[in-house]
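Here, each number is a calculation from the coordinates, and none is a lab measurement. Predicted model only: the values in this text are computed from it and were never measured. All Cβ positions, glycine included, derive from the backbone under ideal geometry; neighbour counts span all protein chains shown.
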Amino acid sequence: MASQWLKARQTKYAAFAATYILIVIAAVIIANMLADRYNKSFDATSNKRYSLSEQTAKIVKGLKQNATITYFDQSTRFHDGKDLLDEYANLSPKVHVEYVDPDKNPQAAREAGIRSFGTAVVQIGERKEEAKSMTEEGITGAFIRDLKNTTRTVCFAAGSGEHQLDDSDREGLSRFKDLLAKDNYETKSIDLLQKAEVPSDCTTLAIAGPTRNYEQPEVDAIKKYVEDGGRALFLLDAPLKMGRSEIADNDALASLLQSWGVTLNKDLILDLNPIGQIVGLGPQVALVSSYESQPIVSDMKGTATGFPLSRSIEVKSTDKTSVQKLFDTSSTSLATTNLNSAEVNVNDPKNKKGPLTLAAAGSYNTGKENSQGRFVVVGSSSWLDNGFISFNGNNDLALNTINWLSSDEDLISIRPKEHEDRRITMTSAQLMWVRATSQFLLPAIVVIAGIGVWWKRR
């Protein structure tokens, strides 16, 4: 009886089915174990939209020491950054990813200087860099800034009545110095009058609101520095002639900038926008809320900045320079050339009507490969001092400017991969054929095949 049961057709089928089930279960278990150990994916898109670029892979795979990417977000939103960060971890065993909830661990977030959720910080050795965005461009850019061996130093000119770097009073720059330190910049003061030469270790030279004239040797040193590939920031106020604190015309420095395509007008901008009065600002503060597409300001849409006691400028490119304006004042602003009196007639027909260009960025063609001079000119310096740098987007603009001058925005040239338009365009006849095939012909074939199998078995 047992022998007959073992030979029965149903028994064989049951044994075969049990064997198949065991094989499938074993295959699933093995596949899950391999997937857990080796996290691999296949990007079938034609432009590899969901894969990291070869440039990123080269950088990450070439790491000589461990790197940690710390993602700061709410616990329920860790998945927002997980897919992208896992791709970095999969490129190299030296990359480790950590997740921190600032609400649960505020101390860690405070130490990292985190100001918003969804922020990643890349640490390699002792260096830490915050990703400018949760994209491949932002994170890989942080990797590269970490890997830079050179020290970035911003040198502030002193000796001609400029804002002082270590001054903690209202007109000092100590708060800006602290912001630069958080961005891993070193700072120091230099006196071009004592030695008319910009030190070689200066990544960027900052001239912040001189009240006295620069002598020609100083101007010549600045000219040589930029035209040899150096980077300079010029913050030059309106040349007011009122009271004790007169501001010099600085004609020699203005002449140098004019040769590069930036003309400093001897005027004072007044902004009659009532919004400024609502937030407690007088007409001597020019408000800006519209920006150009230049990298310094391209991400500042919707952010206001303010510039006290500013002057207008005019820009044009030259045979050696390429100059772009950064932003204008509002249409409610005007510029007066009356710089000797606190009383200004806003209806004076000599007044220049807004919008007025307030800042510009330019590059100087040195003729040498990979050696480009850069300069930024802003018709105001007080927007950067301790008393005003916290106004709305002023601190972001300040750091963006130094980043651009230091070429930090050019460290990575990865661009977001665009969606491809892969739609199929068909005529009405082709559409009818597809519909008939999918709705009637294919189902009919399946039904006929099923009837044929049933008939044959019968």
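For the chain, the C-alpha radius of gyration divided by 2.2 N^0.38 Å, with N the number of residues, is 1.44. Across segment 153-410, C-alpha contacts under 8 Å between residues 6 or more apart give a mean separation that, scaled by the residue count, equals a relative contact order of 22 percent. Within straight-line reach of Lys368, meaning a Cα separation under 26 Å, sit the following lysines at least 8 residues removed in sequence or on another chain: Lys148, Lys223, Lys224, Lys316, Lys320, Lys325. Across all directions, the average projected area of the convex hull around the alpha carbons of segment 231-321 is 7.6 nm². Separation of segment 120-186 and segment 376-391, taken as the distance between their Cα centroids, equals 17 angstrom. Karplus-based coupling profile of segment 290-303, in residue order and whole Hz: 10, 10, 7, 8, 4, x, 4, 10, 4, 9, 9, 4, x, 10, with θ = phi - 60° in 6.51 cos²θ - 1.76 cosθ + 1.60 and x standing for Gly or Pro. Stretched out straight at 0.36 nm per residue, the stretch from Ile448 to Lys368 would grow longer than its current Cα-Cα span by 21.1 nm.
Subtracting the Cα-Cα distance of Ser200 and Gln107 from their residue separation scaled by 0.36 nm leaves 29.6 nm.
Here is the list for segment 156-238: trypsin sites (Lys or Arg not before Pro) lying in DSSP coil, each with at most 16 other C-beta atoms within 10 angstrom of its C-beta, are Arg170, Lys195, Arg212. Computed 3J(HN,Hα) for segment 162-179, one whole-Hz value per residue from the Karplus formula 6.51 cos²θ - 1.76 cosθ + 1.60 where θ = phi - 60°, is 6, 4, 8, 5, 9, 7, 9, 6, 4, 8, x, 10, 5, 5, 5, 4, 5, 4, glycine and proline marked x.
Given a Förster distance of 56 angstrom, what is the FRET efficiency for Arg212 paired with Ser116, based on the Cβ-Cβ distance and rounded to 0.05?
Numbers: r = 42 Å, r/R0 = 0.74.
After rounding to 0.05, the efficiency reads 0.85.
For Lys94 and Thr76, the difference between the fully extended length at 0.36 nm per residue and the C-alpha to C-alpha distance is 3.8 nm. A protection proxy built from the mean count of other Cβ atoms within 10 Å ranks the segments 348-355, 315-322, most packed first, as 315-322, 348-355.
The angle between the Cα long axis of helix 136-147 and the main principal axis of the chain comes to about 60°, on a 0 to 90 degree scale.
Where only DSSP H runs of four or more residues are counted, the chain gives -9500 deg cm²/dmol as its mean residue ellipticity at 222 nm, each run worth -39500 (n - 2.57). For Lys177, the aspartates and glutamates whose Cα falls under 12 Å of its own Cα, not counting residues fewer than eight places away in the same chain, are Asp166, Asp167, Glu186, Asp385. Taking a straight Cα-Cα cut-off under 27 Å and skipping sequence neighbours fewer than 8 places away in the same chain, the lysines within cross-link reach of Lys12 are Lys456. Computed over the chain, relative contact order equals 12 percent, with contacts defined as Cα pairs under 8 Å that lie 6+ residues apart. Counting Lys and Arg as +1 and Asp and Glu as -1 over every other residue whose Cβ lies under 12 Å from the Cβ of Arg175, the net charge comes to -3.
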